[in-house]
Amino acid sequence: MYDLKDRTAVVTGSAGGIGRAIARRLAAEGAAVAVLDANTDGAQETVSLIREAGDDATAIGVDVTDPDSVERAFAEVARWRGDADVAPDILVNNAGIITVSRVEDTPVEEWRKIFAVNVEGVFLCCKAAVPGMRARGSGKIINISSWFGKIGKPNYGAYSSSKAAVMGLTQSLAMEVAADGVNVNAVCPGTIFETKLRDVADAMSRDLNLSTAEERAKAIPMGRVGKPDDVARVVTFLAGPESDYMTGQSVNITGGLLMH
Ligand SMILES: NC(=O)c1ccc[n+]([C@@H]2O[C@H](COP(=O)([O-])OP(=O)(O)OC[C@H]3O[C@@H](n4cnc5c(N)ncnc54)[C@H](O)[C@@H]3O)[C@@H](O)[C@H]2O)c1
């Protein structure tokens with residue numbers, strides 16, 4: 001549908017959940033997908049699923065919070081594609097973690113960990129990919145933010161502000177590279193089930209006697225929670241040529257929960 005043949009895509013955090021669905025969709029559209037994750041077994045499983053469908057992928061271990069690890073992973077992607085200087089055509093910054101606690105109860109180390117993965121990780125991967133994209137005159141960067149980045153929620157201070165930061169970075173970078181053929185957009189998923197992060201958030205909520213996502217899901221206008229593939233389809237649109245005149249946007253994927 002979007003014809004991503006001959007494109008190289010990097011998807012961080014694609015050992016499962018939303019990232020895996022994105023990697024599978026991009027591969028199904030013809031892209032060669034580098035599955036980057038700290039969880040190398042899960043990354044390898046994603047690659048197996050993609051190859052079983054007859055598409056192309058490789059698994060590469062990375063810690064997105066570590067500049068050296070990110071640099072090594074991008075060099076490996078380039079080697080895999082047979083050109084030491086080549087930048088990916090598509091970069092999806094999806095790796096992310098969550099915590100549920102009031103601001104006053106959040107340990108400083110936990111706050112820093114959330115920002116290290118959710119914000120610094122996006123920054124480091126953009127830094128690794130942008131010079132090559134700019135030199136080539138083309139590239140698509142899609143950052144996975146959250147609807148919690150657009151609205152504050154009690155007990156989500158760290159997560160919510162990290163996801164707002166992702167949108168700030170998306171807009172600033174989008175302007176820096178707009179004239180170089182590089183598009184930078186974000187998506188803001190709502191309540192997406194079948195992911196580890198969702199399970200972690202629900203377990204933490206139960207411990208604090210807070211409502212779980214399943215209970216809150218009744219408020220979704222479409223009457224259902226989201227699935228990873230609901231996000232993957234929009235990301236694939238943003239990775240393909242149909243979205244060439246879009247940049248700096250933060251697109252909600254929430255079943256109608258959020259409309260701005
Ligand atoms: N599930 C939801 O309801 C929801 C809603 C809005 C936004 N999101 C965002 O979607 C993205 C994907 O989350 P998910 O729900 O699929 O969760 P998930 O836990 O299934 O996926 C996150 C992935 O990131 C990887 N990861 C974590 N830290 C890493 C690191 N330092 N280096 C490399 N990889 C690392 C994990 O191993 C995991 O595979 C996240 O950015 C999350 O914040 C999720």
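The values are calculated or read from the model by the stated rules, or taken from the named source; none is laboratory data. Because the structure is predicted, anything quoted here is derived from the model rather than measured. Using ideal geometry, Cβ is built from the backbone for each residue, glycine included, and neighbour counts are taken over all protein chains shown.
A few points about this structure:
- Residue match in the range 160-176 (condition: of a type in the set (Val, Ile, Thr) and either under 30 Å from Ala32 (Cβ atoms) or assigned to a helix (DSSP H, G or I) (or both)): yes
- Residue ranges of helices (runs of 4 or more DSSP H) in the range 49-155 with at least 3 members acidic (Asp, Glu): 67-80
- Test for Gly157: is it farther than 23 Å from Gly19 by Cα, in contact with a helix residue (DSSP H, G or I) (Cβ under 6 Å, 6 or more places away or on another chain) and touching a residue at least 24 places away in the same chain (Cβ under 8 Å): yes
- From Gly54, Gly61, Gly42, residue being away from the ligand (no atom under 15 Å from the Cβ) and farther than 30 Å from Asn209 by Cβ: Gly54
- Among the residues of the range 168-189, those identified as within 12 Å of the ligand (Cβ to nearest atom) and hydrophobic (A, V, I, L, M, F, W, C) are Ala186, Val187, Cys188.
- Among the numbered conditions (1) without any contact (Cβ under 8 Å) to a residue 12 or more places away in the chain; (2) crowded, with 24+ Cβ neighbours inside 10 Å; (3) among the hydroxyl-bearing types (Ser, Thr, Tyr), the only one that Ser48 does not meet is (2).
- Any hit, the range 231-245, residues being in a strand (DSSP E or B) and within 23 Å of Ala28 (Cα to Cα): no
- Hits in the range 233-260 (condition: surrounded by fewer than 19 Cβ atoms within 10 Å (Cβ to Cβ) and of a type in the set (Ser, Thr, Tyr)): Tyr245
- Condition check for Ile114: within 15 Å of the ligand (Cβ to nearest atom) and of a type in the set (Val, Ile, Thr): yes
- Pro241 within 12 Å of the ligand (Cβ to nearest atom), out of contact with any Leu (no Cβ under 6 Å at 6 or more places or on another chain) and at pLDDT 95 or above: no
- Given (1) without any contact (Cβ under 8 Å) to a residue 40 or more places away in the chain; (2) crowded, with 19+ Cβ neighbours inside 10 Å, number of the condition Glu109 does not satisfy: (2)
- Per this entry, Lys196 is counted among residues that are in contact (Cβ under 8 Å) with a residue 24 or more places away in the chain, touching a helix residue (DSSP H, G or I) at 6+ places or on another chain (Cβ under 7 Å), charged (D, E, K, R) and within 12 Å of the ligand (Cβ to nearest atom).
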